[in-house]
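Engineer: Handing you a structure now.
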């Protein structure tokens, strides 16, 4: 009986241990890549990530991309640039709400999106960023049926817990964003607020994914919001100063799968303050209910990023020893 109990407990806690692994990594995700849409801001954001040596994952609206010569030329060059890390993801066909479609229709949309993106970028996408972050059970079924292996919705719509023990479909939802989740995507949050969101998700999930939209960094189609760009540069500098690894979705999957991942070296940029920016923009006041966690400037794995794996394994060992001691 003791042997059977031991095997059951090890199986249970083995799954739990796999689910609580922590990478303490950060993904930055830029949605709504498309033609003839605040192109200057789209390119400026991607250029900033290159300059600061930070990997970026981009969501392309498949049927809204491919006819803008400036964007297509820029993105093809960027995707094949060995000096930057840029992952292409699907962001739907026409930025549709997938929950309004049947299972068969969702499968068709996913296949169409992949085909169109492959046609213009020569990249076979397997990561899906659902428009509006909206998903249902049919979406999960459709993703696995069509060969996608990574989903990035948001924690409110794709709730915890997440299985990091080599699942068929990896869930890496966002829980941080550079603009408020209220439709005011042209109103940026301050770097401190976004950084606190990142810290909170790392503590809960062992990683954080941050959502950006091009319109947050644009005044109009041809004019970049320099204040918002300065805030983004400051946020990236804060992350780099704290020595958090930054990855793409594929790199995060590889990290959890035990595959060696070569990340970009940490190079701290010089933050741009609001006073230095040339264009005024409205920023949300910092939420005083958020707890600003201390930042380590030297530790490779920040001490505030709590890895619950060790605690889970320790509890499993203690409970197993106790039960084996008292049972016949």
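Conditions tested, residue by residue: (1) surrounded by fewer than 21 Cβ atoms within 10 Å (Cβ to Cβ); (2) part of a helix (DSSP H, G or I); (3) out of contact with any helix residue (DSSP H, G or I) (no Cβ under 8 Å at 6 or more places or on another chain).
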site: 96; (1), (2), (3): yes, no, no
site: 111; (1), (2), (3): yes, yes, yes
site: 117; (1), (2), (3): no, yes, no
site: 132; (1), (2), (3): yes, yes, yes
site: 140; (1), (2), (3): yes, yes, yes
site: 143; (1), (2), (3): no, yes, no
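Engineer: Here's something else I'd like to know. From the list 199, 211, pick out the single residue that is part of a strand (DSSP E or B) and either buried (at least 17 other Cβ atoms within 10 Å of the Cβ) or touching a residue at least 24 places away in the same chain (Cβ under 8 Å) (or both).
Structural biologist: 211
Engineer: Still on this structure, please answer the following. Looking at 136, 166 in this structure, which one is modelled with pLDDT under 95 and in contact with a helix residue (DSSP H, G or I) (Cβ under 7 Å, 6 or more places away or on another chain)?
Structural biologist: Details: 136 fails: modelled with pLDDT under 95.
None of the others qualify; the one that does is 166.
Engineer: Given the criteria farther than 25 Å from residue 110 by Cβ and in a loop (DSSP other than H, G, I, E, B), does residue 180 qualify?
Structural biologist: yes
The values are calculated or read from the model by the stated rules, or taken from the named source; none is laboratory data. Since this is a predicted model, take the numbers as computed values, not measurements. We place every Cβ from the backbone using ideal geometry, glycine too, and count neighbours over all the protein chains shown.
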